[in-house]
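Asks: My questions all concern the structure below.
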């Protein structure tokens, strides 16, 4: 019977090694937060004290100060549910399925725009604040670059502008693909 109680006690609590692995995992998530830019960090919903600790860690250049700050970040994260933070980090890194789907939708929209200027009308309807003249110019420049075998500057800029339109509207970025 004594072994049953020992096993019961053991099942109730995680081992010291398991706790250490969990804390290290939280510190790793904290390290990923520290590596983000200011804009990327602003997109993640985290408590203000954690955000301040991350900003402090970004400022530190001395190894020991940074190491201690990382431990502090790990300690702050113990009280949080790390799953939403991990999901947001995956989103920023483009790992999540939703981010991949948005990326593909933007690529399809850009391809459709380059093939046919009528797509500008769809973009204007779905994104009323869009600068259609700028998009038209980027389209012309991207086509010209392609014909002249130049580096795809306007091609990339077109993608960036379309991505910003989608982010600002928080809606579908691939105009008109639902009917395809």
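Values quoted throughout were computed directly from the atomic coordinates according to the rules given, and no laboratory measurement underlies them. Not measured: the values here are computed from a predicted model.
Asks: Could you give me D for segment 39-81, from Stokes-Einstein at 25 °C and 0.890 mPa s, where the hydrodynamic radius is the Kirkwood radius over C-alpha pairs? Units µm² s⁻¹, please.
Replies: 227 µm²/s
Asks: I've got another one for you. Can you tell me the orientation of helix 82-93 relative to the chain, as the angle in degrees between its alpha-carbon axis and the longest Cα principal axis, to the nearest 10?
Replies: 30 degrees
Asks: Please report Rg over Rh for segment 14-93, where both radii come from the alpha carbon positions and Rh follows the Kirkwood definition. Please report the intermediate quantities before stating the final value.
Replies: Values: Rg = 12.3 Å, Rh = 12.8 Å.
Rg divided by Rh gives 0.96.
Asks: Something else now. Residue separation times 0.36 nm, minus the C-alpha to C-alpha distance between residue 45 and residue 108: what's the value? Intermediate results must be reported in sequence, preceding the final value.
Replies: Values: separation 63, 0.36 × 63 = 22.68 nm, distance 3.00 nm.
Working it through step by step, the gained length comes to 19.7 nm.
Asks: Now for a separate question. Helix 97-115 against the longest principal axis of the chain: what's the angle in degrees, Cα atoms only, rounded to the nearest 10?
Replies: It is inclined by approximately 10 degrees.
Asks: Using only the alpha-carbon atoms, what does segment 97-179 span along each of its principal axes? Please give whole angstrom values in decreasing order.
Replies: Principal-axis extents of segment 97-179 (Cα, largest first): 34, 27, 23 Å.
Asks: Here is a further query. Report P(r) for the chain: all Cα-Cα distances, bin width 5 Å, range 0 to the bin holding the largest distance, values in whole percent.
Replies: Distribution as computed: 1, 7, 12, 13, 11, 10, 9, 9, 9, 7, 4, 2, 2, 1, 1, 0, 0 percent.
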